[in-house]
Amino acid sequence: MPRPKKMRLVSDHPLMSGYLPENMAPTGTVNLSVEGMEAIRMSDLEGLSHEAAAEQMDISRQTYGRVLAEARKIVAEALVTGKRICFGGGMYALHGGHRRRRQRGRQ
């Protein structure tokens, strides 16, 4: 039996629900988890090292690297193929202690 996923700490919920390509109809939709969005924010916007960002999210550096790589791949797919990006879901908890768990059929 696989080990259960550990909650990843994030600073806040995303301010928006997603992004759409401009001047064209989207060719599909990709979903970016809240912890993926947080990983992109910390590494690419704030410039934190993987070690520092992983510590803030309360996960290992290797797990952080996987979350970041997956998030970057999702964003790249959307940018290159003209897909809509929806934010939500995942296995995360806010730094303030409010826990949120992805459930089937709901975000």
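Quick notes on this one:
- Residue exposure proxy: 91, 16, ordered by other Cβ atoms within 10 angstrom of their Cβ from fewest to most, comes out as 16, 91.
- Each of 47, 25, 57 was placed along the dipole of the stretch 12-73 (beta-carbon charges, centred on the mean Cα), and the one lying farthest toward the positive end is 25.
- Restricting the calculation to Cα atoms, the chain yields a radius of gyration followed by a Dmax of 14.2, 47 Å.
- Amide hydrogen proximity for residue 18: with H placed 1.01 Å from N in the peptide plane, the residues at 5 or more positions away or on another chain lying under 5 Å are 87.
- Site pair residue 58 and residue 25 shows an inter-label distance of 4.5 nm when each label is modelled 7 Å from Cα along Cα→Cβ.
- Likely footprinting exposure, 32, 45, 20, fewest C-beta neighbours within 10 Å first: 45, 20, 32
- Within a straight-line Cα-Cα reach of under 17 Å, residue 83 can be paired with the following aspartates and glutamates, leaving aside sequence neighbours fewer than 8 residues apart in one chain: 22, 70.
- Among the GluC sites (Glu not before Pro) found in the stretch 13-49, those both in a DSSP coil and sparsely packed, with 11 or fewer other Cβ atoms within 10 Å of their Cβ, are 22, 46.
- Each of 92, 64, 19 has some number of other Cβ atoms within 10 Å of its Cβ, and from fewest to most they run 19, 92, 64.
- Radius 15 Å from Cβ of residue 22, net charge of other residues (Lys, Arg +1; Asp, Glu -1): +2
- For the stretch 17-29, the Karplus equation 6.51 cos²θ - 1.76 cosθ + 1.60, evaluated at θ = phi - 60°, returns couplings of 8, x, 9, 10, x, 8, 6, 7, 6, x, 8, x, 9 Hz by residue, with Gly and Pro reported as x.
- Fraction of antiparallel bridges per DSSP, the chain only, in percent to nearest 5: 45 percent
- Against the main long axis of the alpha-carbon atoms of the chain, helix 61-81 sits at an angle near 10°.
Rule-based calculations on the coordinates, nothing more; no lab input. Because the structure is predicted, anything quoted here is derived from the model rather than measured. Heads up, the Cβs are rebuilt from the backbone with ideal geometry, glycines too, and the neighbour counts pull from every protein chain shown.
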